[in-house]
Every structure is written in C-alpha cells, then in structure tokens.
Amino acid sequence: MARSALLNVMVQAALKAGKSLSRDFGEVQNLQVSVKGPSDFVSQADLKAEKIVHDELMKARPTYGFLGEEGGEEKGTDGSHRWIVDPLDGTTNFLHGIPQFAVSIALERNGEIVAGVIFNPATDELFTAEKGGGAFLNDRRLRVAARRVLSDCVIGCGAPHLGRGNHGKFLVELRHVMGEVAGVRRFGAAALDLAYVAAGRIDGFWETDLSAWDMAAGLILIREAGGFASDMKGSNDIFDHGSVVAGNELIHKQLLEVINRPIPTA
Ligand code: IPD
Ligand code: CA
Ligand code: CA
C-alpha cells in the first residue's frame, strides 16, 4: 500500500513514539506494586512521547503549527497547516497496565483534517487514513460495520469518572442506549474507540468532553472508512462542542436520536 510522503512522516513519528511508550509500558507493569504507583513515571512517558512526535514532525515540516495535549499550541509560519497530537491517549489504561492506549497524530489543512495516524504499540496496530486515500489497519483496507439496526449493534462510549464530566447526563444517555443495543463497551482510549468504529469492531460510539487531539485522527479514519460523525446535536462543530457521535450512516442517525431522548418520567 503506497502512502504519501506526508503520511509516511506521520507513521514514522508514531512508530518512534510508540517504541518509547512500549519500553515504559513494560516498566509501568513492574511499578504497579510500588506504594507510590507509577503516576509520575507515566507523566514522564507521556511528555517523552510528545517530544519524540514533535521533533520528528517539526524536522520534516518546520513551518507547520503544532497542537499537543501536553505542550499546547505552537503557531507555525505556514498558517494553513497544523499537527494535532495526543502522544498518549488512554493514560489511565497505561497507568494500570491495560494494553489499550495509542499515539494519535492528525494533520489539519485550512481547518480540515486531511490525514490521521493512530498507533497502539501494545497490539502493534497502526491505523492510517488520508483524505481520498481510504482508511487502513496495518495494510488492510477498513470499512465501517454494515449493521442497519441498533438491536444488532455493540456501541462504545466514554463514561465520566471522579472529577470529570456530567455523570447524571451520561447515565440518562446510557439508560436509553442500553435499552436499544446488543452491548455497550467502554475501552478507555477515545482515539482507539474511533479507530474501532472505522474498523467495524464497534458499530457506533459517543462521548462528550473530548478535545481535538482525542478525536482528530479518528474522525478522518471513520470518514475514509465510509462512516459518519457529528457532535451530540448532529452538527459538524465537533471540536467546538467537544463531543462526537459516530457510526455508519444508519446507525449514526439512530444513535443520535436515542442519546438525545429526554429524561424518562417513569
Ligand atoms: C482520555 C481518553 C478517555 C476519554 C477521556 C480522555 P487521555 O484521553 O481518551 O478514553 O474518556 O475523556 O481525556 O487523557 O488518556 O489522553
Ligand atoms: Ca486523549
Ligand atoms: Ca493524552
């Protein structure tokens, strides 16, 4: 499968950062038994991964802007291009030795995401997509699942937790979704959740309170795999509203209706 020079730059950066995370992930599993736990160690792993990605991308395209979760925004002299990077998505999983985490890199051109790479070094799964070039897992072409009704579907979500999100609102959404689907899953890494929609592993996904770096690469994967994505109200203001609903066209529409149902009176 021929990748563009730009996508190759993104892949090399993700693989290099993934190698660093793999080494640290092995150490984290040893640190689980330490009283202090591996929190500080994981923060260092996160920062190290972002520096690797930053340095690789900026070496290749020094004029582009850079938005990283850990380091924030760096304006580039080329105002039309910006990298959007989450060097370690699924931090809590990583901290607990759960092999569901990824490096996520997206390229934004004139406000549109045109390429994305999501790499899970623990499973050696490299998800890539480029506008008009399709979506791939390693070298296999991806299509979203073809299920047509929610009752056949497994739907991913992002459950809030201590100190994060609107618990009451999520519980209402979850109550509605549970009653309509074959299964609900909460994997703990939003970038990979979106990649799983693109790969047809889950039929749909919804989550609120996300940032651009959580979603950018996954969105182009889904669209290049024939899927649909919007914010919680069905608009394209996904980054502004920090929410996403995704699936094939039919499931996206049905899921959007279900999660927006009012609080049951019964
Ligand atoms: C988090 C993960 C998680 C999602 C959180 C994100 P992080 O990213 O994507 O699945 O529910 O909202 O913040 O913090 O591990 O990079
Ligand atoms: Ca994240
Ligand atoms: Ca992160």
With respect to residue 20, determine if the residue is touching a Lys or Arg at 6+ places or on another chain (Cβ under 9 Å) and open to solvent by less than 50 Å² (accessible area, probe 1.4 Å). yes
Output the qualifying pairs, or none if there are none: Cβ atoms under 8 angstrom, residues six or more apart or on different chains, first residue in segment 78-105 and assigned to a loop (DSSP other than H, G, I, E, B), second residue of a type in the set (D, E, K, R) and more than 8 Å from ligand 1 (Cβ to nearest atom). 78/61; 80/109
I'd like to know if segment 164-172 contains one or more residues that are among the charged types (D, E, K, R), in contact with a strand residue (DSSP E or B) (Cβ under 7 Å, 6 or more places away or on another chain) and surrounded by 12 or more Cβ atoms within 10 Å (Cβ to Cβ). no
Meets criteria (crowded, with 19+ Cβ neighbours inside 10 Å, out of contact with any Pro (no Cβ under 6 Å at 6 or more places or on another chain) and not small (Gly, Ala, Ser)) for residue 99: no
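The values are calculated or read from the model by the stated rules, or taken from the named source; none is laboratory data. Note that the coordinates shown come from a computational prediction; the quantities given were computed from them, not determined experimentally. Ideal geometry is used to build each Cβ from the backbone, glycine not excepted, and the neighbour counts take in all protein chains shown. The accessibility values were calculated without ligands, DNA or RNA, using every heavy atom of the protein model including side chains. Shrake-Rupley method; radii C 1.70, N 1.55, O 1.52, S 1.80 Å.
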